[in-house]
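Reading through the structure tokens given below for one structure.
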Amino acid sequence: MKAASSTAVIAALLAAACGSSGADGAPGAAGANGADGPAATAPQASTINQITPRIGLLGRELDIRITFDGPAVPTGASLDLGDGVTVDKLTQDGNALVAHVTVPEAAKVGPRDVTVKAGGIDSIVAKKGFVVAAALDLIVSSGAAEQGGLVKLDLSNHDKTWFDDQNFVLLPVSSQSDGTLVQIASSGFTGTDGSVILLGDPLAKTGPLGFMGLNDPSDPSTPTFVSAPDAVTVAARTPEPLTIGTPSAKTLSKPLETA
């Protein structure tokens with residue numbers, strides 16, 4: 001009897017516990033907010049697209065614009081244009097850096113690397129992306145700078161770096177897609193003076209034209225000389241009628257002496 005009574009009591013207690021509902025307890029404290037994720041940032045550039053202008057003359061100041069391949073310029077960037085060239089000011093303009101630089105008279109002429117450094121990324125380097133050049137003076141001494149014509153230019157070099165009288169080449173600073181003037185001979189070269197004879201492409205682009213002189217085109221570190229951007233003005237040539245059986249000859253207005 002005692003065992004049966006104990007069982008009945010336990011069953012009654014369980015039924016009461018399951019069949020009754022108590023009041024809800026007080027709500028717990030709200031959980032803490034999670035930490036913010038990292039902010040999205042545009043990918044930083046890894047290569048240099050363009051450097052404008054690419055030439056700086058001895059003893060001059062200029063502004064250089066450097067554009068990159070990505071939408072974001074490297075944060076906290078610094079610029080190095082090689083020994084002797086001073087970066088006076090560096091600012092950001094869109095996805096470009098604009099540098100005001102000074103090229104002293106004592107700087108070494110020739111090409112040099114352009115290096116952009118910033119924390120957290122590898123240095124971005126444009127090999128031989130900037131050229132330090134000496135000023136080149138030239139005048140038209142014979143002929144005419146025109147489409148299909150011959151012209152003789154007398155060159156003068158007043159810099160401490162002399163011309164290479166055996167290998168010097170004069171090149172027009174023009175787009176590769178434009179016809180222009182092409183060197184066909186040279187004469188009388190010394191370390192400071194010389195003459196170059198150029199032939200005009202019949203479809204040469206008319207207007208102002210500047211020139212670059214290289215002491216040795218086969219040497220990637222050769223000294224470089226640069227004229228004013230409007231050293232000569234290329235003129236259009238008026239077509240001349242040709243008569244069958246009548247010889248036609250073109251010469252410079254003064255005799256040429258070439259090698």
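Among the GluC sites (Glu not before Pro) found in the range 61-153, those both in a DSSP coil and sparsely packed, with 14 or fewer other Cβ atoms within 10 Å of their Cβ, are 105. For the pair residue 83 and residue 158, a Förster radius of 22 Å applied to the C-beta separation gives a FRET efficiency near 0.45, rounded to the nearest 0.05.
Taking label points 7 Å from Cα along the Cα-to-Cβ direction, residue 54 and residue 242 give a separation of 3.7 nm. Expressed to the nearest 5 percent, the antiparallel share of DSSP beta bridges inside the range 48-133 is 90 percent. In this structure, the residue pairs whose Cα-Cα separation is over 22 Å, taken from 108/205; 128/205; 108/160, are 108/205; 128/205.
For the range 48-133, taking Cα atoms only, Rg and Dmax work out to 12.2, 37 Å respectively. Centre-to-centre, using Cα atoms only, the range 79-134 and the range 137-206 are separated by 29 Å.
When DSSP beta bridges are restricted to pairs lying wholly in the range 136-234, around 95% turn out antiparallel.
Taken together, the values in this text are just the output of simple stated rules run on the coordinates, not laboratory data. It should be emphasised that the depicted structure is a prediction, and the values quoted were computed from it without experimental measurement. Virtual Cβ from ideal backbone geometry, glycine too; neighbours counted across all protein chains shown.
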